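Read the structure below first, then the notes.
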Amino acid sequence: MNNAKLKRMTRKTEFYMFIVLILLCVLVQIKSSGQLITFPGIFTRLNVTVLRTMVVDGMFAMCSLVVMISGGFDLSFPAIAALAYSLSTTICLNNGWCATNPLAGFALAVAIGWVLGMLNGWIISNFKLNTMIVTLGTQTFFTGISMGLLKLKEITSTLPDGMKAFGKLYIFESADPVTGIRFTLSAMVLFLIALCAIVSFMLNKTMFGRALYAIGGNEVSAERAGYNVKKTKFLLYSAVGALAGFIGMIRVCMESQSIPKAMIGKEMTIIPAVILGGASIYGGEGTVFGTVVAVGIISLVSNSMLILGIDTYWQQFFNGLVILVGVTVSALQAKRQKQ
Amino acid sequence: MSEYLLQMTGIDKRFGGVHALDHVNFAVRPGKVMCLAGENGCGKSTLVKIISGVYTRDEGEVLFEGKPIQHITPAEATRLGIQVIYQDLSIFPNLTVMENLAINSEITANRKIVNRKRWEQTAKEALSKIGYEIDLYAKMGDLSVADKQLVAICRALLFNAKLIIMDEPTTALTKKEVDALFKTVRQLRDSGIAIMFISHKTEEIFEISDDVCIMRNGKNVYSGPTAELTKKDFTYYMTGRELEDDYFVPTNISKEPVLKVDHLTWNGKFHDVSFDLRKGEILGITGLLGSGRTELALSLFGLGKVHSGTITLNGQQVKITSPIDAQKKRIGYVPEDRLTEGLCLRQPIADNIMLSSLKQLTHALGTLKHDELFEKSNEWVKKFSIATDDAHKHASTLSGGNQQKIVLSKWLNNDLDVLILNGPTVGVDVGAKQDIHALVHDLANQGLAVIIISDDLAEVVVNCNRVIVMKDGAIVGEMTGDRITEENILNIIR
């Protein structure tokens, strides 16, 4: 690695976030007297919980990341997810589908999410409106559909067996050495890893991904350079909608329950994490690595507060701090770039 | 093959009721630099957008390399070899130099997958066209304006450009950077590329161009070789008026100075600045961007800092701590960017005019006397012939010149001793420009002391009876009367 490369690396937010994550891991490891990572069997009760939390949050963060890179904000993806999974589980339950496998549920959720995402995409690309305002509107609208119009109910113990079984799949199993309670590493982690790989490839290796960066950097220039900005935005928001439906269904399977209200306010924990991971609030900046690291930090902190002897009420305090630090750093960097 | 690369005849374009281009004739020769000159709003950018395919012409013929072109689209323009370098350079500040160079041709080639090696090759090829060297992995946003411009030029050259249109490329450049840019422009010209250079700066146009086309109010009033044109003719064609008649003749200069500045210093901005100003004078302060001229004005208005030196008003030494304090001491300031700094565009004209004198228009409890406000503002509307039928309308409904009149009347409402005008006619059309100048002359002759800060040398020459030239934060020259000429000022600045 030459000097210039090192210099560029140290100027990036994700580099520092990574160091913070490592330091946090060391701190938690010491404070919890070795409960975070054990040798030789790497997995512990604590770290599988952290990874489990990261699955849904991390995948949602990918949704938010791609939109933020393009210079927009999507506040509606949790509402899309909620409407998609509540409606599709209700349909599956009423028709007796998904008794053995959850495929029908996933297909429905993705389709519903896609349609809702297309609505976002159509409004944003056609009327050239502020994305935050549009998605704030659609967010409320979608929540209204699921709560008021369709009156979707909570589904808990009656959830189709195929979904329950799918959510319980695991790739690692062990017993806690002290209490003897069994714990597993959910197979859903694989979806997070796969999604991160796909998004990373899309952002760095495809012209569509570079278009998102270009539009986020300078929309007028992107248009002049020959990108079809309207089409790109439409595709982006509809894809995010479909993805949100998929993630919602993963969550239903993992939690073995479908609760229409469960996603309310989710965007307010995801977006700060993405900003903390180095995505710019003005668009054009952000990486998958930084985002995953930031989501990791937040999951680690919220799951190890008890072990560290910190009251869980501090979680709010910590989340607020994350928003302030993340946004300030992002704004300062943008300012430096302008000069 | 015809003598011209691009030939346009009888180009006509209307936007609603506005006749933006009135049968414009225009031609560019290969291997020559052609300047498209004209004041703001004369139709220059509309013409460029027709050439680049952003707008469609209503009437007229376009010949490119002798072949008629019916319908120009942006893609078609690129295919023909027409490249526009816009004023904002169309760059992506968040991407690397390499990506900025390669992205356009990758899109044009309709590629789907990114191949770093190919991108790097494309970028290197682009840089080699003018032998320019820069770190390919540097972030575009971190470069200087001059470097960004060179990258934009290299990118344009990738498309086998035959005609490069540069839209006011020198606006944000220092003199040194302008020289470097001109060197590149000449290099391109000598390799057979036609350059269309859009500008309104007299000096630059005479320095760089072979041919010139001057536009005014949507018509082209002159086209031909630059060499056949004198600077006086040029100004005449640009403005459509003989400017000699409007030279400022002071008639009412006071004996004692109203403002005296001694060894004023704002560390890092300007230092050791001394001058005095009498009533009835119009003092010009000029210099390049970054010479400290604007900072000096800000310090006199309480917006800048004073580290040492003194300001004396009417014989009394004063400290000006804030804009409110400056107004109390009867100093007014009209900022450079009137739209963002001087006007509330979404507020009624009347409110804008009376904004800085609201205190005189309130009842005991602090509520506004609306009728009186409206009456008083109407007086100004009449006095300055501000083009509106209703002062309740928003200030944004007016043209630039009329907006500038509002800002002026806002200040003149309070009795002032000293009025500082920073770039008073930037972005103002010709007619309004003359009106504003005449108005300022009247005000001075009525006993107001005026400071005009401007880099528009013609403006300084016409309007000032005394001129101070600043460079690197210090006064480097002062001239009065007949000694004030553009050449004399330029000699000092350079």
Hey, among B:342, B:309, B:366, which residue is in the same structural domain as residue B:258 (by TED's automatic domain parsing), of a type in the set (Gly, Ala, Ser) and within 20 Å of residue B:453 (Cα to Cα)?
B:342
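I need the full set of residues from the stretch B:412-471 which are in contact with a Lys or Arg (Cβ under 6 Å, 6 or more places away or on another chain) and aliphatic (A, V, I, L, M), in order please.
B:416, B:449, B:453, B:470
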Go through the stretch A:196-240 and give me each residue that's assigned to a helix (DSSP H, G or I) and among the β-branched types (Val, Ile, Thr).
A:198, A:199, A:215, A:220, A:229, A:232, A:240
Some residue of the stretch B:127-134 being within 19 Å of residue A:221 (Cα to Cα), assigned by TED's automatic domain parsing to the domain that holds residue B:55 and either within 30 Å of the chain's Cα centre (by Cα) or touching a residue at least 24 places away in the same chain (Cβ under 8 Å) (or both):
no
If we scan the stretch B:298-319, do we find a residue that is buried (at least 16 other Cβ atoms within 10 Å of the Cβ), over 27 Å from the mean Cα position of the chain (by Cα) and in contact (Cβ under 8 Å) with a residue 60 or more places away in the chain?
yes
From the residues in the stretch B:366-388 that are modelled with pLDDT of 80 or more and among the polar types (S, T, N, Q), which one is surrounded by the fewest Cβ atoms within 10 Å (Cβ to Cβ)?
B:367
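Kindly indicate whether any position in the stretch B:95-118 is more than 11 Å from chain A (Cβ to nearest Cβ) and in contact (Cβ under 8 Å) with a residue 40 or more places away in the chain.
For the stretch B:95-118, residues more than 11 Å from chain A (Cβ to nearest Cβ) and in contact (Cβ under 8 Å) with a residue 40 or more places away in the chain: present.
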Among the residues of the stretch A:10-27, are any more than 28 Å from residue B:92 (Cα to Cα), surrounded by fewer than 16 Cβ atoms within 10 Å (Cβ to Cβ) and either among the basic types (Lys, Arg) or in contact with a Ser or Thr (Cβ under 6 Å, 6 or more places away or on another chain) (or both)?
no
Considering residues that are assigned to a helix (DSSP H, G or I) and modelled with pLDDT of 80 or more, the number found within the stretch A:296-317 is 11
Selected residue (criterion: nearest to the other protein chains (Cβ to nearest Cβ)) from residues of the stretch B:51-94 that are aromatic (Phe, Trp, Tyr) and farther than 23 Å from residue B:199 by Cβ
B:92
Within the stretch A:217-259, how many residues turn out to be among the polar types (S, T, N, Q) and more than 14 Å from chain B (Cβ to nearest Cβ)?
4
Take the stretch B:447-463 and flag every residue that is surrounded by 21 or more Cβ atoms within 10 Å (Cβ to Cβ) and more than 21 Å from residue B:236 (Cβ to Cβ).
B:448, B:449, B:450, B:451, B:452, B:453
Just one of the numbered conditions (1) touching a Gly at 6+ places or on another chain (Cβ under 9 Å); (2) over 20 Å from residue B:347 (Cα atoms); (3) not in a helix (DSSP H, G or I) is not true of residue B:365; which one?
(1)
Which pairs turn up if I take residues in the stretch B:169-188 that are farther than 20 Å from residue B:287 by Cα and look for partners that are among the hydroxyl-bearing types (Ser, Thr, Tyr) with beta carbon separation below 9 Å, at least 6 apart in sequence or on another chain?
B:181/B:170; B:182/B:170; B:184/B:132
Here are some conditions: (1) surrounded by 24 or more Cβ atoms within 10 Å (Cβ to Cβ); (2) closer than 22 Å to residue A:50 by Cα; (3) of a type in the set (Ser, Thr, Tyr). Residue A:237 meets all but one. Which one does it not meet?
(2)
Mind checking whether some residue in the stretch A:124-139 is of a type in the set (A, V, I, L, M, F, W, C), crowded, with 16+ Cβ neighbours inside 10 Å and in contact with a strand residue (DSSP E or B) (Cβ under 8 Å, 6 or more places away or on another chain)?
no
With the condition kept exactly as written, say whether any residue in the stretch B:183-199 is of a type in the set (Gly, Ala, Ser), surrounded by fewer than 20 Cβ atoms within 10 Å (Cβ to Cβ) and at pLDDT 90 or above.
yes
Tell me the residue from A:210, A:224, A:182 that is buried (at least 17 other Cβ atoms within 10 Å of the Cβ) and touching a strand residue (DSSP E or B) at 6+ places or on another chain (Cβ under 9 Å), please.
A:224
Out of the residues in the stretch B:136-177 that are within 26 Å of residue B:203 (Cβ to Cβ) and charged (D, E, K, R), state the one that is modelled with the lowest pLDDT.
B:175
Restricted to the stretch B:127-144 and to residues being over 15 Å from residue B:155 (Cα atoms) and part of a helix (DSSP H, G or I), the residue nearest to the other protein chains (Cβ to nearest Cβ) is B:141
Unique residue being at pLDDT 80 or above and assigned to a helix (DSSP H, G or I) when the list is B:438, B:432, B:391
B:438
Which listed residue is on the phi > 0 side of the Ramachandran plot, surrounded by fewer than 18 Cβ atoms within 10 Å (Cβ to Cβ) and either within 14 Å of chain B (Cβ to nearest Cβ) or modelled with pLDDT under 95 (or both), from A:278, A:286, A:265:
A:265
Just for the stretch A:196-210: of the residues that are in contact with a helix residue (DSSP H, G or I) (Cβ under 6 Å, 6 or more places away or on another chain) and more than 8 Å from chain B (Cβ to nearest Cβ), which one is nearest to residue A:54 (Cα to Cα)?
A:196
If we keep only residues of the stretch A:131-182 that are assigned to a strand (DSSP E or B) and of a type in the set (Phe, Trp, Tyr), then the residue nearest to residue A:106 (Cα to Cα) is A:170
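With assigned by TED's automatic domain parsing to the domain that holds residue B:24, surrounded by 22 or more Cβ atoms within 10 Å (Cβ to Cβ) and assigned to a strand (DSSP E or B) as the only criterion, which of B:84, B:62 stands out? Reasoning before the result, please.
On the way: B:62 fails: surrounded by 22 or more Cβ atoms within 10 Å (Cβ to Cβ).
From the options B:84, B:62, the qualifying one is B:84.
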Can we say residue B:235 is at pLDDT below 90 and assigned by TED's automatic domain parsing to the domain that holds residue B:456?
no
Among the residues of the stretch A:1-43, write down those that are modelled with pLDDT of 85 or more and outside any helix (DSSP H, G or I).
none
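The values are calculated or read from the model by the stated rules, or taken from the named source; none is laboratory data. Computed from a predicted model, the values in this text were never measured in an experiment. When we count neighbours, we look across all protein chains shown, and the Cβ atoms used for this are built from the backbone with ideal geometry, even at glycine.
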